[in-house]
Amino acid sequence: MLGLMQSQPLLISGLIEFAERHNGDAEIVSRRVEGDVHRYTYRDAAKRSRQVANALDGLKLAFSDRVATLAWNGYRHFELYYGVSGSGRVLHTINPRLHRDQIAWIANHAEDQVLFFDLSFLPLVQAVHARCTSIKHYIAMCDEDKLPKDSGVPNLISYEKLIAAQSSDYSWPSFDENTASSMCYTSGTTGNPKAALYSHRSSTLHAYAAALPDVMNLSARDSVLPVVPMFHVNAWGIPYSAALTGCKLVFPGPALDGKSVYELIESEGVTFAAGVPTVWQMLLGHMKPANLRFSKLKRTVIGGSACPPAMITAFQDDYKVEVLHAWGMTEMSPLGTLCTLKNKHDALPEAEKMKIRLKQGRAIYGVDLKIVDAGGKELPWDGTTFGDLHVKGPWIVREYFKGEGGDPLVNGWFPTGDVGTIDADGYLQITDRSKDVIKSGGEWISSIDVENIAVAHPAVAMAACIGVAHPKWDERPIIAVAKKPGMDVSRDELLKFYEGKTAKWQIPDDVVFVDAIPLGATGKILKTRLREMLKDYKLPTA
Ligand code: AMP
């Protein structure tokens, strides 16, 4: 017997319709590429999203055609999130930090038909358009009077001219909720990039889950700043969760330096912000010397890379901001776990609570986790046994776009490539990417633990730990360190700093000072490049 409740597909258009009807006057504030601050409401955004949908019809785009963006976080990008997906096309957000060859490759692989771009990416578009053979229309996300003349980009029109000509009357179409809504390429370190293809259903369920109290705890009382880019995994789904809750949205545009982010947080009364550790490092780096304080910021979700303990402590003790450590990946839309304490932890001493907060957190409803050994056998949740982390759930990939890479699942579970422990309360702790694990004398050393201690040193800006071959121990860790400008620390001082903070055999054998730690397009440490940089390195003890 079937239930007798109404059946409505979970569609992304439903989120913006809801926002318009129920929280229409809530604000969306954007720092623009033009440098000024733009303000309007969900009501305005909904209207312009419908104009975008009409414009795409006018460009004769078919259902499921891919529409690409090269854009920062801002209101026009937000309108595309809804206008493109809501009308049944697939939004392909391209990461502008990728190499040009990769951008051309993925635009062709996705068979993008249209490219919308912020003017700051004009040089990039000029460099790649001749190689992007499927793109028929180029739309610069600007006013008509800002449209560059003689740019060399074919069929270039301005966003404002395109949508001004359109009616705001548009009935969002209804279709199967499993229809593709957006896509994001993940830059694997080997082989070509592969795309996660999200659906309306997966994105809506993820938006619901992300807003839960033990996740981002979003509400109409919040002012939310997604510093995480809309060009990478849908800014962790915040543009969808925001429309669902009716919170105020604050978009930082291209200005991600500490000063600009701080000013926006203060001027817009931001209560909740989301970003990767490097962005927060710039923010704290700006605030500390000037002795600045937050007036409204209460919570920040930090993920994408391990959040160093020193950062969690600084936010909590110096600025009274709660850090929610999160873990996820492109293939997971991206949220998998988020760290909040349970009721039973209330009575714990602060130091014990902090030990929990440093972990990547508990699974969000919708995601199941397990750790397995090399033979695929599930390992115990004891907080100490390491294993390969496998996940499953309705917003986790089943297959990559165009079947690239074959069937990624193992018995229905997606192998994340991460290694971690899970404790008896279900808290996950990521210790490494599986290819970065350091095996020393039959034991595993977590490179994240080794890095976390180094970055707690006041003179260290960034640190990356890799394993180096050793005749006796198989591998030993060394730590590559970039110092903060104007600060100094010697090799011996840093090695001494490890004493008492970790087991002796987990202390790195050496420190290598580098000008900068190589980072990839999503801000993560590129250990492959670091290994190349240090290929002639020899351990002092080996
Ligand atoms: P991406 O798909 O580019 O977003 O990268 C996902 C990967 O980033 C994960 O598989 C992890 O290796 C890493 N990652 C994300 N969040 C965290 C975190 N909180 N701690 C450690 N690693 C993380």
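The values are calculated or read from the model by the stated rules, or taken from the named source; none is laboratory data. Everything numeric in this text was worked out from a predicted model, so none of it was measured. FYI the Cβ positions are ideal-geometry reconstructions off the backbone, even for glycines, and counts take in every protein chain you see. To get the accessible areas, we keep the full protein, side chains included, count just its heavy atoms, and leave off ligands, DNA and RNA. Shrake-Rupley method; radii C 1.70, N 1.55, O 1.52, S 1.80 Å.
Here are the numbers:
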{"item": "The stretch 343-365, residues that are in a loop (DSSP other than H, G, I, E, B), in contact with a helix residue (DSSP H, G or I) (Cβ under 9 Å, 6 or more places away or on another chain) and open to solvent by 20 Å² or more (accessible area, probe 1.4 Å)", "result": "Asp346, Leu348, Leu358, Tyr365"}
{"item": "Cβ-Cβ under 6 Å pairs, at least 6 apart or on other chains, the stretch 514-538 side of a type in the set (S, T, N, Q), far side open to solvent by 30 Å² or more (accessible area, probe 1.4 Å) and at pLDDT 90 or above", "result": "Thr522/His232"}
{"item": "Qualifying residues in the stretch 366-406 (those that are part of a loop (DSSP other than H, G, I, E, B) and touching a Phe, Trp or Tyr at 6+ places or on another chain (Cβ under 7 Å)) - the one nearest to Met183 (Cα to Cα)", "result": "Val397"}
{"item": "Options Gly412, Gly405: the member that is farther than 30 Å from Pro508 by Cα and modelled with pLDDT under 95", "result": "Gly405"}
{"item": "Checking Val250 against (1) open to solvent by less than 10 Å² (accessible area, probe 1.4 Å); (2) in the same structural domain as Tyr400 (by TED's automatic domain parsing), the condition it does not meet", "result": "(2)"}
{"item": "Count - residues of the stretch 65-94 that are touching a Ser or Thr at 6+ places or on another chain (Cβ under 7 Å) and among the polar types (S, T, N, Q)", "result": "3"}
{"item": "Output for the stretch 332-341, where each listed residue is in contact with a strand residue (DSSP E or B) (Cβ under 8 Å, 6 or more places away or on another chain) and surrounded by fewer than 22 Cβ atoms within 10 Å (Cβ to Cβ)", "result": "Thr340"}
{"item": "Scope the stretch 54-75; condition part of a loop (DSSP other than H, G, I, E, B) and not hydrophobic (A, V, I, L, M, F, W, C); matching residues", "result": "Lys60, Ser64, Asp65, Asn73, Gly74"}
{"item": "Filter result for the condition that a residue is touching a residue at least 12 places away in the same chain (Cβ under 8 Å), of a type in the set (A, V, I, L, M, F, W, C), within 19 Å of Ala235 (Cβ to Cβ) and surrounded by fewer than 24 Cβ atoms within 10 Å (Cβ to Cβ), over Leu91, Leu80, Leu98", "result": "Leu98"}
{"item": "All positions within the stretch 416-431 that are surrounded by 22 or more Cβ atoms within 10 Å (Cβ to Cβ) and more than 13 Å from the ligand (Cβ to nearest atom)", "result": "Ile422"}
{"item": "Among residues of the stretch 7-43, those that are part of a helix (DSSP H, G or I) and in contact (Cβ under 8 Å) with a residue 12 or more places away in the chain, counted", "result": "12"}
{"item": "Members of the stretch 101-115 that are over 24 Å from Ile163 (Cα atoms) and open to solvent by 10 Å² or more (accessible area, probe 1.4 Å)", "result": "Asp101, Gln102, Trp105, Asn108, His109"}
{"item": "Identity of the residue in the stretch 1-48, more than 19 Å from Gly74 (Cβ to Cβ) and polar (S, T, N, Q), that ends up most open to solvent (accessible area, probe 1.4 Å)", "result": "Gln6"}
{"item": "Cβ pairs under 9 Å, 6+ apart, first in the stretch 301-321 and within 16 Å of the ligand (Cβ to nearest atom), second open to solvent by 40 Å² or more (accessible area, probe 1.4 Å) and assigned to a strand (DSSP E or B)", "result": "Ser305/Ile525; Phe315/Glu322"}
{"item": "Evaluation of Asp436 against (1) of a type outside the set (Phe, Trp, Tyr); (2) buried (at least 16 other Cβ atoms within 10 Å of the Cβ); (3) at pLDDT below 90; (4) farther than 30 Å from Thr340 by Cβ (one fails), failing number", "result": "(4)"}
{"item": "Scan of the stretch 204-228 for residues that are in a strand (DSSP E or B) and among the small types (Gly, Ala, Ser), ordered by number", "result": "Ser223"}
{"item": "Which numbered condition Ala310 misses (of (1) more than 18 Å from Ser446 (Cα to Cα); (2) in contact with a helix residue (DSSP H, G or I) (Cβ under 7 Å, 6 or more places away or on another chain))", "result": "(1)"}
{"item": "Elements of type strands (runs of 3 or more DSSP E) in the stretch 134-187, at least 2 residues being within 16 Å of the ligand (Cβ to nearest atom) and either assigned by TED's automatic domain parsing to the domain that holds Leu80 or free of Cβ contacts under 8 Å to residues at least 24 places away in the same chain (or both)", "result": "180-186"}
{"item": "Qualifying residue in the stretch 213-220 (condition: among the hydroxyl-bearing types (Ser, Thr, Tyr) and without any contact (Cβ under 8 Å) to a residue 40 or more places away in the chain)", "result": "yes"}
{"item": "Of all residues in the stretch 419-437 being in contact with a helix residue (DSSP H, G or I) (Cβ under 7 Å, 6 or more places away or on another chain) and touching a residue at least 24 places away in the same chain (Cβ under 8 Å), the one that is nearest to Gly361 (Cα to Cα)", "result": "Tyr427"}
{"item": "Residue pairs meeting the criteria (Cβ under 6 Å; at least 6 apart or on separate chains; first within 14 Å of the ligand (Cβ to nearest atom), in the stretch 224-252; second among the β-branched types (Val, Ile, Thr))", "result": "Phe231/Thr93; His232/Thr522; Val233/Thr330; Ala235/Val228; Trp236/Val228"}
{"item": "Selection count, the stretch 156-208, where residues are of a type in the set (Asp, Glu), under 29 Å from the mean Cα position of the chain (by Cα) and open to solvent by 60 Å² or more (accessible area, probe 1.4 Å)", "result": "1"}
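To keep it simple, each residue is scored yes or no on (1) away from the ligand (no atom under 16 Å from the Cβ); (2) of a type in the set (Val, Ile, Thr); (3) open to solvent by 10 Å² or more (accessible area, probe 1.4 Å).
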| position | (1), (2), (3) |
| --- | --- |
| Val455 | no, yes, yes |
| Val460 | yes, yes, no |
| Ala463 | no, no, no |
| Val468 | yes, yes, yes |
| Ile478 | yes, yes, no |
| Lys483 | yes, no, yes |
| Met487 | yes, no, yes |
| Ser490 | yes, no, yes |
